[in-house]
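Here the structure comes first, spelled out in structure tokens, and everything after it is commentary.
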Amino acid sequence: MKVLIVGGVAAGTKVAAKLKREHRDAEVRILTMGADISYAGCGLPYYVGNVIETRDELVVNTPEKFMALTGADVQTGVQVTALDRAAKTVTAKVLATGEEFTESYDKLVISTGAHPFLPPVEGLDLENVFVMRTPDDADGLRKLVDAGEVKRAVVVGGGLIGLEVAENLTDRGVRTSVIDFAPHILSEMLDSEFSEYLENAMADQGVMPFTGVALEGLTGSNGKVEKVLTSKRPMKADAVVLAMGFRPNTEWLADTGLEMFKGTLVVDEYLRTNDPDIYAAGDCALVTNRTTGKRQWSAMGSTANICGRLAAMHIAGDEHVVPYPGVLGTGIAKLPGTNMARVGLTEKAAREAGYEVESIVAGADDKAHYYPGSGKIFIKLICDKNTHQLLGLQTVGKGAVDKMADIAVTAISLGAKLEDLQNCDFAYTPPFSTAIHPFAVAVNALLNKLSGELETFTPAEYAAGAAEGYRVVDCSIQPTVTSAPYLDITKINGVVDGFDPEEKLLLVCNTGKRTYLAQNRLKFYGYKNTRVLEGGHMFNPGILEN
């Protein structure tokens, strides 16, 4: 069997390596355009930031090393330009010479990835305008920063790559701004209140996000970029990074009859296209959402590796291959001032999918509060109100947000309900967690809300004005909300002077924990109209200004 793989990096090399392990005698050949067959694309921002010190560290395998390690054949510097499904051949061109040749296959794997989207505006050809897709892209920007030629930079695009580049430029002493046409950064990944939290955290670190702003062009002199023209105002820049998303590298397949959606190749649960001898994996493939079953694009290195392995096993006829159940949109990032992770459906997406949704934003310590380096973590859990099935998680904090995300991935993948997670034996020791795990804190809070024991306003409801007519009451350990009366929860032993049991009271503390305790006591003594502000003033800093 001859398996031809078009494209390398993550999915293509994974298919080749696994195939050769499954069938050492299979003929496996990779054709790829770039000189670097396999590199750490997700590490590029950290190379710019000098966290990764040398370019060689980004290169996972050279073609020679990969061939020796796996037994697959690799030809770089080759562009595949056409596919003949009937003849089971592709036409390719050697970029250095222009020479064309034909390559046959028994099975074809398309893993051509994606290319950065470039908007139709003037000035993109100026010097010091970068994208962030290959080691060459990162190398160019880093050399400029190393030479001290970048004092101000503008990143266009508030997605993961753009924000990671912004963080690393800021750490290098570059004054960095981010613009995005969407109303918030990471608008497709997070609900608005979590995007706003991140925007505030970025601003506190000197990275200014400007949302609802369109790129209109770039201008400069002597061939170098100097200014970014936007729908709001011009912005000075010594360097510009375009991080406005990606488009699949599938133009050469337009007239082949392969089923596509917005340029992505539609695949089944074994990564097959509508041609049973042609597979697709990585950024050029369209998979499904594990929860909804709807089509979803997942341009992530993790997805590429999982799908590449599964495709190889199916091609090899492995009887143990398990159908791919789909993605959860899992994402994580180290961002200016905080870390972020998300899994599953957002509240908005869950409602659009037909779920009756309930959610909670809970604050907790990320490790024992007395242990050095401890901090706060905020967790949003989203569930089906009727079945209590967990649907999604969003979390921010300076600690290990990956732990929260990975627990949620496991839970959602197994169809867990909140009750299944309530008493899990999570790992605990002071340097790593708390005796009541932060995830369990959020689960318990959501169960209390579902039962009616905890009555709240979410950050989104508060921002929308749901608390109008409520008197704010500060229940923090020490008085913090200067415009509000202070209530010491240890003194709630009956009806409290100055607070009528019929009055609408919005209880506020640092994270929402003490206000839950306060509400519990107040309810016992006849208070009927109290609400807790989820996340407290640490997640809703605007309340301190009222």
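When region 24-64 is filtered for residues that are in contact with a helix residue (DSSP H, G or I) (Cβ under 6 Å, 6 or more places away or on another chain) and hydrophobic (A, V, I, L, M, F, W, C), the ones remaining, listed by number, are Ala26, Val28, Ile30, Ile37, Ala40, Cys42, Leu44, Val48, Ile52, Leu58.
Scan region 298-317 and tell me whether some residue there is among the hydroxyl-bearing types (Ser, Thr, Tyr), assigned to a strand (DSSP E or B) and closer than 30 Å to Thr70 by Cα. No, there is no match, as no residue in region 298-317 is among the hydroxyl-bearing types (Ser, Thr, Tyr), assigned to a strand (DSSP E or B) and closer than 30 Å to Thr70 by Cα.
Restrict the check to region 510-531 and report whether at least one residue is open to solvent by 60 Å² or more (accessible area, probe 1.4 Å), touching a residue at least 60 places away in the same chain (Cβ under 8 Å) and closer than 17 Å to Glu468 by Cα. Yes, that holds for at least one residue.
Going through Thr89, Thr62, Thr70, Thr81 one at a time, which residue ends up being of a type in the set (Ser, Thr, Tyr) and under 23 Å from Asp137 (Cβ atoms)? That would be Thr62, the only listed residue that is of a type in the set (Ser, Thr, Tyr) and under 23 Å from Asp137 (Cβ atoms). Just one residue in the set Phe439, Phe499, Phe432 is within 26 Å of Leu418 (Cβ to Cβ) and outside any helix (DSSP H, G or I); that residue is Phe432. Which condition does Gly162 not pass, out of (1) part of a helix (DSSP H, G or I); (2) out of contact with any Gly (no Cβ under 9 Å at 6 or more places or on another chain); (3) free of Cβ contacts under 8 Å to residues at least 60 places away in the same chain, if it passes all the others? Against the list (1) part of a helix (DSSP H, G or I); (2) out of contact with any Gly (no Cβ under 9 Å at 6 or more places or on another chain); (3) free of Cβ contacts under 8 Å to residues at least 60 places away in the same chain, Gly162 comes up short only on (3). Screening region 283-297 for residues that are assigned to a loop (DSSP other than H, G, I, E, B) and open to solvent by 30 Å² or more (accessible area, probe 1.4 Å) and picking the one that is nearest to His23 (Cα to Cα) gives Arg290. The set of residues in region 448-479 being among the acidic types (Asp, Glu), outside any loop (DSSP other than H, G, I, E, B) and within 11 Å of Leu505 (Cα to Cα) consists of Asp474 alone.
Count, please, the residues in region 270-282 that happen to be in contact with a Ser or Thr (Cβ under 8 Å, 6 or more places away or on another chain) and part of a loop (DSSP other than H, G, I, E, B). Final tally of qualifying residues: 2. Scanning for something surrounded by 13 or more Cβ atoms within 10 Å (Cβ to Cβ) and part of a loop (DSSP other than H, G, I, E, B), does region 223-230 turn up at least one residue? Scanning region 223-230 turns up no residue that is surrounded by 13 or more Cβ atoms within 10 Å (Cβ to Cβ) and part of a loop (DSSP other than H, G, I, E, B).
Go through the residues of region 335-343 one by one and say whether even a single one is farther than 30 Å from Glu455 by Cβ and not in a strand (DSSP E or B).
Initial filter on region 335-343 (farther than 30 Å from Glu455 by Cβ): 335-337, 339.
Retained after the next criterion (residues that are not in a strand (DSSP E or B)): 336-337.
Scanning region 335-343 turns up at least one residue that is farther than 30 Å from Glu455 by Cβ and not in a strand (DSSP E or B).
Residues of region 420-429 that are assigned to a helix (DSSP H, G or I) and not acidic (Asp, Glu): Leu421 alone.
If the condition is being crowded, with 17+ Cβ neighbours inside 10 Å, of a type outside the set (Asp, Glu) and more than 27 Å from the chain's Cα centre (by Cα), then region 238-255 contributes Trp252, Leu253.
I'd like to know if region 389-404 contains one or more residues that are out of contact with any Ser or Thr (no Cβ under 7 Å at 6 or more places or on another chain), outside any loop (DSSP other than H, G, I, E, B), open to solvent by 30 Å² or more (accessible area, probe 1.4 Å) and under 21 Å from Ala427 (Cα atoms). Yes: region 389-404 contains one or more residues that are out of contact with any Ser or Thr (no Cβ under 7 Å at 6 or more places or on another chain), outside any loop (DSSP other than H, G, I, E, B), open to solvent by 30 Å² or more (accessible area, probe 1.4 Å) and under 21 Å from Ala427 (Cα atoms).
Within region 120-134, the presence of a residue that is closer than 25 Å to Gly245 by Cβ and in a helix (DSSP H, G or I) is excluded. Listed conditions (1) over 30 Å from Ile360 (Cα atoms); (2) within 24 Å of the chain's Cα centre (by Cα); (3) outside any helix (DSSP H, G or I) are all met by Gly217, apart from (2). Pairs meeting the criteria (first residue in region 62-78 and on the phi > 0 side of the Ramachandran plot, second residue open to solvent by 20 Å² or more (accessible area, probe 1.4 Å) and small (Gly, Ala, Ser), beta carbons under 6 Å, at least 6 apart or on different chains) are Gly77/Ala96.
I'd like to check which helices (runs of 4 or more DSSP H) are fully inside region 1-117 and have at least 2 residues that are surrounded by 24 or more Cβ atoms within 10 Å (Cβ to Cβ). Spell out how you get there, then give the answer.
On the way: elements: 11-22, 44-48, 63-70.
Because the criterion is at least 2 residues that are surrounded by 24 or more Cβ atoms within 10 Å (Cβ to Cβ), the helices (runs of 4 or more DSSP H) in region 1-117 that meet it are 11-22, 44-48.
Could you please let me know if Leu447 is in contact with a helix residue (DSSP H, G or I) (Cβ under 9 Å, 6 or more places away or on another chain) and open to solvent by less than 20 Å² (accessible area, probe 1.4 Å)?
Values: in contact with a helix residue (DSSP H, G or I) (Cβ under 9 Å, 6 or more places away or on another chain): yes; open to solvent by less than 20 Å² (accessible area, probe 1.4 Å): no.
Spelling it out, it is not the case that Leu447 is in contact with a helix residue (DSSP H, G or I) (Cβ under 9 Å, 6 or more places away or on another chain) and open to solvent by less than 20 Å² (accessible area, probe 1.4 Å).
Within region 307-336, residues that are closer than 21 Å to Gly43 by Cβ and open to solvent by less than 30 Å² (accessible area, probe 1.4 Å) reach partners that are of a type in the set (Phe, Trp, Tyr) and at pLDDT 95 or above with beta carbons closer than 8 Å, at six or more positions or on different chains, in the pairs Cys307/Tyr324.
The values are calculated or read from the model by the stated rules, or taken from the named source; none is laboratory data. On a predicted model such as this, the values are computed, not experimentally measured, just so you know. Neighbour counts are summed over all protein chains in view; Cβ atoms, including those assigned to glycine, are modelled from backbone coordinates with ideal geometry. To get the accessible areas, we keep the full protein, side chains included, count just its heavy atoms, and leave off ligands, DNA and RNA. Shrake-Rupley method; radii C 1.70, N 1.55, O 1.52, S 1.80 Å.
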